[in-house]
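Trainee: Take a look at this one; I'll ask things after.
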Amino acid sequence: MNPQLQVLIALQDILLMIREAKDPTQTKALGKMGFKMTNVESLENTRENLENQLSPAILREYSRVTKRHGRIVAPVIRGTCHACFVRIPSAIDAADDRNKTLYRCENCGMYLYWVDK
Amino acid sequence: MKLSELVTAKRINLDLKSTTKDGVLEELVKLLRLSKPAREALLKTLRSREELGSTGVGKGIAIPHCRSLVVSEVTVAVGRSKKGISFKSMDKKCAFLFFLIVAPPVGDPADYLIALGKVAQAARLMSADKRIKSVKGPKKFIGLIEELER
């Protein structure tokens, strides 16, 4: 996998976790199940560390796209971008280097990650 | 949605060898049969989740969970440790039953919470049943889950 894509995936998962940890409805529901979500600061530190691993150009794009859409990577499932639900051109969808090269959705601009079957 | 509907025999390990929290997470993630980079990405997310607060819910149960891009549907793996592992649980007791739940980031967050709730509920039922520590083989384990969920 492309190392920058790996960082972007980890970042996106962390961003979602931070959002959930700050959402009172989610924390209340999870608290009732017995799950503690108290150390949000540690997640913010992890986010910062991951952001520092991005190249300047990708960091710029990450900041721009997450500000607009709240995320940066879209899963591709059965040839469809699951951010905008537009089909990925078949030449890219069938490429040998998917997940090794950074591809972006031509429609929504998200970086693409082909999920394991 | 029931736990027995989410678990498959291939994703059950009734003899976890690890003696640490991190080792257990690795063994559970291996059961999902993901590619190596996906496995590493998922482990990072799960470790971060544990930093946020332990997913050891007490009574010998831990339910590590997160939403991650590396899966396309709600995925569950189950592990059992005979000796028990310190998981920083609320009751400070060792955990011996582990339910890993990973959900995709897309879709309604409520569905994820419902799935998590169902698993937590089933896990509590299982911890109260003494057979859970001795049942042999993944298929018999699933049979026991089905029985308890009836």
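The values are calculated or read from the model by the stated rules, or taken from the named source; none is laboratory data. Only a predicted model underlies this, so the values are computations on that prediction, with no experimental measurement involved. Don't worry about glycine lacking a Cβ; one is built from the backbone with ideal geometry, like all the others, and counts go over all protein chains shown. We work out accessible area using only protein heavy atoms, side chains counted, and drop any ligands, DNA or RNA first. Shrake-Rupley method; radii C 1.70, N 1.55, O 1.52, S 1.80 Å.
Trainee: Here are the criteria: (1) farther than 24 Å from residue B:48 by Cα; (2) free of Cβ contacts under 8 Å to residues at least 12 places away in the same chain. Tell me which single one residue A:108 does not satisfy.
Mentor: Here residue A:108 meets the rest and fails (2).
Trainee: Would you check if there is a residue in segment B:76-93 being closer than 28 Å to residue A:4 by Cα and outside any strand (DSSP E or B)?
Mentor: The answer is no; no qualifying residue exists.
Trainee: For segment B:1-68, please list each of the helices (runs of 4 or more DSSP H) lying entirely inside it that holds at least 3 residues being within 28 Å of residue A:22 (Cα to Cα) and within 9 Å of chain A (Cβ to nearest Cβ).
Mentor: Details: elements: B:3-6, B:21-30, B:36-52.
Qualifying helices (runs of 4 or more DSSP H): B:36-52.
Trainee: Still on this structure: Quick one: in segment B:72-118, of everything that is at negative phi and basic (Lys, Arg), which residue is modelled with the lowest pLDDT? Give the steps one after another, and end with the answer.
Mentor: Quick first cut of segment B:72-118, residues at negative phi only: B:72-83, B:85-87, B:89-91, B:93-106, B:108-118.
Within this subset, residues satisfying the condition of being basic (Lys, Arg) are B:80, B:82-83, B:93, B:118.
Working: B:80: 94, B:82: 88, B:83: 87, B:93: 86, B:118: 83.
Ranking the qualifying residues of segment B:72-118, first place goes to B:118.
Trainee: Does residue A:71 fit the bill of being under 13 Å from the mean Cα position of the chain (by Cα) and either without any contact (Cβ under 8 Å) to a residue 12 or more places away in the chain or assigned to a loop (DSSP other than H, G, I, E, B) (or both)?
Mentor: Yes: the conditions hold for residue A:71.
Trainee: Just wondering, is there one or more residues in segment A:48-56 that are surrounded by 12 or more Cβ atoms within 10 Å (Cβ to Cβ), more than 21 Å from residue A:112 (Cα to Cα) and under 18 Å from the mean Cα position of the chain (by Cα)?
Mentor: Within segment A:48-56, one or more residues are surrounded by 12 or more Cβ atoms within 10 Å (Cβ to Cβ), more than 21 Å from residue A:112 (Cα to Cα) and under 18 Å from the mean Cα position of the chain (by Cα).
Trainee: Continuing with this model, one more query. Here are some conditions: (1) closer than 22 Å to residue A:76 by Cα; (2) touching a Ser or Thr at 6+ places or on another chain (Cβ under 8 Å); (3) more than 10 Å from chain A (Cβ to nearest Cβ). Residue B:75 meets all but one. Which one does it not meet?
Mentor: (2)
Trainee: Is it true that residue A:36 is at the interface with chain B (Cβ under 7 Å from one of its Cβ atoms), over 16 Å from residue A:102 (Cβ atoms), open to solvent by 40 Å² or more (accessible area, probe 1.4 Å) and free of Cβ contacts under 8 Å to residues at least 12 places away in the same chain?
Mentor: In short, yes.
Trainee: Go through segment A:11-33 and report how many residues are in contact (Cβ under 8 Å) with a residue 12 or more places away in the chain, open to solvent by 50 Å² or more (accessible area, probe 1.4 Å) and over 16 Å from the mean Cα position of the chain (by Cα).
Mentor: Counting residues in segment A:11-33 that are in contact (Cβ under 8 Å) with a residue 12 or more places away in the chain, open to solvent by 50 Å² or more (accessible area, probe 1.4 Å) and over 16 Å from the mean Cα position of the chain (by Cα) gives 1.
Trainee: How many residues are open to solvent by 60 Å² or more (accessible area, probe 1.4 Å) and under 11 Å from residue B:100 (Cβ atoms) when one looks only at segment B:1-25?
Mentor: 1
Trainee: Go through (1) in contact with a strand residue (DSSP E or B) (Cβ under 7 Å, 6 or more places away or on another chain); (2) facing chain A (nearest Cβ under 9 Å); (3) not basic (Lys, Arg) one by one and return the number of the condition residue B:102 breaks.
Mentor: (2)
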